[in-house]
Structures are given as C-alpha cells and as structure tokens.
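Accompanying notes for the structure given below.
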Amino acid sequence: MSFSDLPISIDPPFTVLIPTFNEQENIPELLRRLVEALPVDGRSPAPQLLFVDDSTDRTPDLLREAAAAAGCPLSITVLHRDVPEGGLGGAVVAGMRQAVGEWVVVMDADLQHPPALLPELVEAGRRQQADLVVASRYAVGGSRDGLAGGYRTAVSGASTLLTKGLFARELRGVSDPMSGFFAIRRSAVNPSELRPLGYKILLELAVRSRIRKVAEVPYTFGERYAGTSKSTVREGMRFLRHLLTLRLSTPAGRALAFGLIGLSGVLPNLGLLHLLVRAGMHYLPAEVVANQGALLWNLTLLESTLFRDRRHRHWASRIGRFWLLGNADLLLRIPLLALLVSGLGMQVIAATALTLIASFAVRFLVAERMIYVPRRAAPSSVVAGIGAQPVPVPAASVE
Ligand SMILES: Nc1nc2c(ncn2[C@@H]2O[C@H](COP(=O)(O)OP(=O)(O)OP(=O)(O)O)[C@@H](O)[C@H]2O)c(=O)[nH]1
Ligand SMILES: [Mg+2]
C-alpha cells in the first residue's frame, strides 16, 4: 500500500472520506465543488479531504496534482491501495483508520452526493449531539431522482424495507439505510470491529458501532456526473450475504436461527417415527432412532449455515458433543412418552409431539430461571459510558 499526502493541517475539524475507483472524469468537477462548499477562511483549520483510491486510471494522479498545486486551499490526502482489499467497504474502513477529524463524512466521488451539504451534515451532528447523521433521500424534503430507471428505484426501495425489517432496533431513526452519504463521529467507530461486505457500509457502521443518537438531513440524490457505475447484480447478491452475516452476528439473531433450525427437526423426527412404527417397530425404540434422524438433520443444517465459520474443533468432537446434548432430553421424553401412550392410551405421534413441546418448555424454563437469570435492580445504578475506544490517530501519512 502506498499513499501520498500533501498539505495536512493540524487537528482538522472534520474529514471527508471519498472512496474512488476509476473516477478520472469526475475529479476536476468534484474538487471544484468541494472547494466551493468548504470555504477555508484561514481562522479555522481546513477539513481533511481523504481519498481512498483503488483506481487503475489517472484518478490518483489527478488528485495528487491538485494537492500539490500552488494555492490549493484544501488539505488533500490520497491513500492509493495497490491491493484493493474489501472493495468499497474495505476502502472506507482503511479511510476510517487514517481519518483525523472528530467527524468523518463518507461520500461518493461521482457527484450523486452534493458536496454543498457537507457542512450541514457535520453541523447537524454537533447541534443535535448525534453520533451519526444520514443524508437521506427518504426524509421529508429529500428525493431519489438520480436513481436510473424504475428497476433501480424498485430494487432500492425493496432493499430499504428488507434492511429496516431485519434491523429495526439498530436502524431506528434511519429512513435511508442504503445511503452512501453520511457523517459519523469517529470516536463511535472501532475500525477493527468492522467486517464490511460490498457497498452498504452505512449498514455495517450502524450495526457494529456505538451509535446512541441518529440525525438525518434530507437531500436530493443526483445523477452520476460522468464515468460508469460500479454497482452490479453481483454486488446485490453480496448485499444479501452481508445482511445475513450481520443479522447472525448478534446473539439474539443466532438464538432465533438456532431455535428455528431446532424447530424444523420436529418434521424428520415425527416422519421417521411414523415410518418405523408402521414397519412394526415398538414406539419407544422407534422414537430413540427417530431422534437420531432429527439430530442428523439439525447438525447438517447448523454446520452448513449458522456455525459454518465455527467448525474449528475436530469433526468427531463436534458430533460427539452434539449427539450427547441432543440425546439428553430422551431421559425425560422416553418415560413421558411411555406414560402418555401405555398409561393414558394416547396416539403415538400426538404423544411424541407433546413430549417435544414439554422438552422445549423445560429447556426454556431452565435457561430462563437457572442460567440466564435477570439482573436484580440495584438501589441506584450508574450507567457507565458506552463510547468506543478512540481510534489511534496517525501522526502523519507518508508516501
Ligand atoms: N476505493 C474504492 N472505491 C470504490 C470501489 N467501488 C466503487 N467505489 C467508489 O464508491 C462510490 C460509489 O460507487 P458507484 O459506482 O457510484 O455506485 P452507486 O452510486 O451505487 O452506483 P450509481 O448509482 O450507478 O452511480 C464511487 O465514488 C466509486 O468510485 C472500490 O472497489 N474501491
Ligand atoms: Mg454512484
């Protein structure tokens, strides 16, 4: 990785982070509008313009020339990555590590995001003591005219709904989670916790950072000024994967997925039991065997989805432990099943379903009452500060 930076001011009030990938046609106009939007009066330090560039065209040269030009009023840092790790999302994380301002505003280089809005975004964050300010196409007064065609508009609207539905709590107050134009307080972000996948970096930041308050500023999403779009169908698939990964990154999300997978095991359990009993097997050993089928079903699903990235232990150890855990409840269910069927004369499948419900209830009660006991209210509780550790500030960037 090599980067060059030229006039850098001490303690700039905010950093404008612009990821660039082959945007040479847009750079002159972008810089012109940035200079216009960010008047430098000499009294307050200039904002830092930080370009994280993965281009193969002349974009970095144009930026460096502008930075070196006599009379350039802005502080320009160009971080050119020879290895464009993580694409756009990776570029924003790399920029977060280099940013020096109290606020970091992320924006595109193609002028779909009006530079004129930059000061207002930071001002709104300071005024409202927010940690995140989203430039929103959906807030009152905003518009998304720049989205090319009905198809892009529909895809964007559906993605917004899906994302809001999946992350209702984390995205409270964010009407435009797909926005690529936002300001974030740097102390709320710990770059080493970020695992972006694709384009939707705001979603990643909103979920994995310490955001206590969100503000929004409406804006009109413009059309690409020049050059070509880098967003593709593949990018869309990556976005779906990102949604799933993020959702499963919280314990609540994993517990829900685990519960649903466990619930789905009822089907092979009862199905297998039905077949074995019909084939003439006694219902008690038949249920022991059917339980093995359900365990295999659950294990396969868990290993291929939820715990796919956690298969570190030897396979025999994983299967052994899972098998013990999954058969422990037979100690309760088999005597109960015998009581219901032989004692009370219940039908086998219905009785087995009942034992599965009873086992679920017992496990839930044990977990709730004996393992995950709620904290007792303290007489006077003090909530500690929940801000993230400040990100280390690089002393200076060098070529
Ligand atoms: N550093 C870096 N920047 C990227 C990469 N991919 C895209 N960008 C930049 O990210 C910003 C957004 O990309 P766009 O192609 O405009 O994506 P989009 O806005 O969703 O698509 P359009 O609406 O068609 O413009 C632009 O400034 C791109 O130059 C990448 O892999 N690395
Ligand atoms: Mg764009």
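The values are calculated or read from the model by the stated rules, or taken from the named source; none is laboratory data. Remember, predicted model here, so these are calculated numbers, not experimental data. Positions of Cβ are generated from backbone atoms using ideal geometry, with glycine treated the same way; all protein chains shown enter the neighbour counts.
Does segment 327-341 contain at least one residue that is modelled with pLDDT of 90 or more, among the basic types (Lys, Arg) and surrounded by 12 or more Cβ atoms within 10 Å (Cβ to Cβ)?
Yes, there is a match, as at least one residue in segment 327-341 is modelled with pLDDT of 90 or more, among the basic types (Lys, Arg) and surrounded by 12 or more Cβ atoms within 10 Å (Cβ to Cβ).
Consider Gly101 carefully, then state whether it is within 16 Å of ligand 1 (Cβ to nearest atom) and surrounded by fewer than 23 Cβ atoms within 10 Å (Cβ to Cβ).
no
Each row is one residue, and each column tells you yes or no for (1) within 16 Å of ligand 2 (Cβ to nearest atom); (2) surrounded by 21 or more Cβ atoms within 10 Å (Cβ to Cβ).
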residue	(1), (2)
Glu235	yes, no
His242	no, yes
Phe258	no, no
Leu275	no, no
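If the requirement is being of a type in the set (Val, Ile, Thr), within 23 Å of Arg234 (Cα to Cα) and either crowded, with 20+ Cβ neighbours inside 10 Å or more than 16 Å from ligand 2 (Cβ to nearest atom) (or both), which of these qualifies: Val83, Val122?
Sole residue among the options that is of a type in the set (Val, Ile, Thr), within 23 Å of Arg234 (Cα to Cα) and either crowded, with 20+ Cβ neighbours inside 10 Å or more than 16 Å from ligand 2 (Cβ to nearest atom) (or both): Val83.
Cβ-Cβ below 9 Å, separation at least six or inter-chain, first residue in segment 303-330 and within 24 Å of Leu243 (Cα to Cα), second of a type outside the set (Lys, Arg) and part of a loop (DSSP other than H, G, I, E, B): which pairs?
Close Cβ pairs (under 9 Å, with a partner that is of a type outside the set (Lys, Arg) and part of a loop (DSSP other than H, G, I, E, B)) amount to Thr305/Leu248; Leu306/Leu248.
Looking at segment 64-77, can you tell me whether even one residue there is of a type in the set (A, V, I, L, M, F, W, C), assigned by TED's automatic domain parsing to the domain that holds Val189, modelled with pLDDT under 95 and under 32 Å from the mean Cα position of the chain (by Cα)?
Yes: one or more hits.
Those residues that are more than 23 Å from Phe221 (Cα to Cα) and either crowded, with 19+ Cβ neighbours inside 10 Å or touching a helix residue (DSSP H, G or I) at 6+ places or on another chain (Cβ under 7 Å) (or both), I need them from segment 158-170; list them, please.
Listed by number, the residues that qualify are Leu166, Phe167, Glu170.
At pLDDT 95 or above, closer than 23 Å to Gly236 by Cβ and surrounded by 16 or more Cβ atoms within 10 Å (Cβ to Cβ): which single residue out of Val134, Val155 fits that description?
Just a single option satisfies the conditions, and that option is Val134.
Please go through segment 171-187 and give me each residue that is crowded, with 19+ Cβ neighbours inside 10 Å and either part of a strand (DSSP E or B) or not basic (Lys, Arg) (or both), ordered by number.
Within segment 171-187, Leu171, Val174, Asp176, Pro177, Met178, Ser179, Gly180, Phe181, Phe182, Ala183, Ile184, Arg185 meet the criteria.
A quick yes/no check of all residues on (1) of a type outside the set (Val, Ile, Thr); (2) in contact with a strand residue (DSSP E or B) (Cβ under 7 Å, 6 or more places away or on another chain):
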residue: Gly71; (1), (2): yes, no
residue: Leu79; (1), (2): yes, yes
residue: Glu85; (1), (2): yes, no
residue: Val104; (1), (2): no, yes
residue: Gln112; (1), (2): yes, no
residue: Gly125; (1), (2): yes, yes
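Within segment 244-256, take every residue that is touching a residue at least 12 places away in the same chain (Cβ under 8 Å) and outside any loop (DSSP other than H, G, I, E, B) and give me the one that is farthest from ligand 2 (Cβ to nearest atom).
Applying the filter and picking the extreme gives Arg254.
From the list Arg224, Arg234, pick out the single residue that is in a helix (DSSP H, G or I) and within 16 Å of ligand 1 (Cβ to nearest atom).
Exactly one residue qualifies, and that residue is Arg234.
For every residue, the table says whether it meets (1) more than 16 Å from ligand 2 (Cβ to nearest atom); (2) under 17 Å from Leu121 (Cα atoms).
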| residue | (1), (2) |
| --- | --- |
| Ala168 | yes, no |
| Ser175 | yes, yes |
| Ser179 | no, yes |
| Asn190 | yes, no |
| Gly198 | no, no |
| Glu204 | yes, no |
| Ala215 | yes, yes |
| Glu223 | no, no |
| Thr228 | no, no |
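Out of the residues in segment 49-80 meeting the condition of being in contact (Cβ under 8 Å) with a residue 60 or more places away in the chain and not hydrophobic (A, V, I, L, M, F, W, C), tell me which one is surrounded by the most Cβ atoms within 10 Å (Cβ to Cβ).
Thr77
What do you reckon, is Ala94 of a type in the set (A, V, I, L, M, F, W, C) and surrounded by fewer than 21 Cβ atoms within 10 Å (Cβ to Cβ)?
no
Do we have Val122 as more than 15 Å from ligand 1 (Cβ to nearest atom), in the same structural domain as Pro28 (by TED's automatic domain parsing), of a type in the set (A, V, I, L, M, F, W, C) and assigned to a helix (DSSP H, G or I) here?
Yes.
Anything in segment 37-95 that is in a loop (DSSP other than H, G, I, E, B), within 13 Å of ligand 1 (Cβ to nearest atom) and hydroxyl-bearing (Ser, Thr, Tyr)? List them, or say none.
Passing the criteria: Ser55, Thr56.
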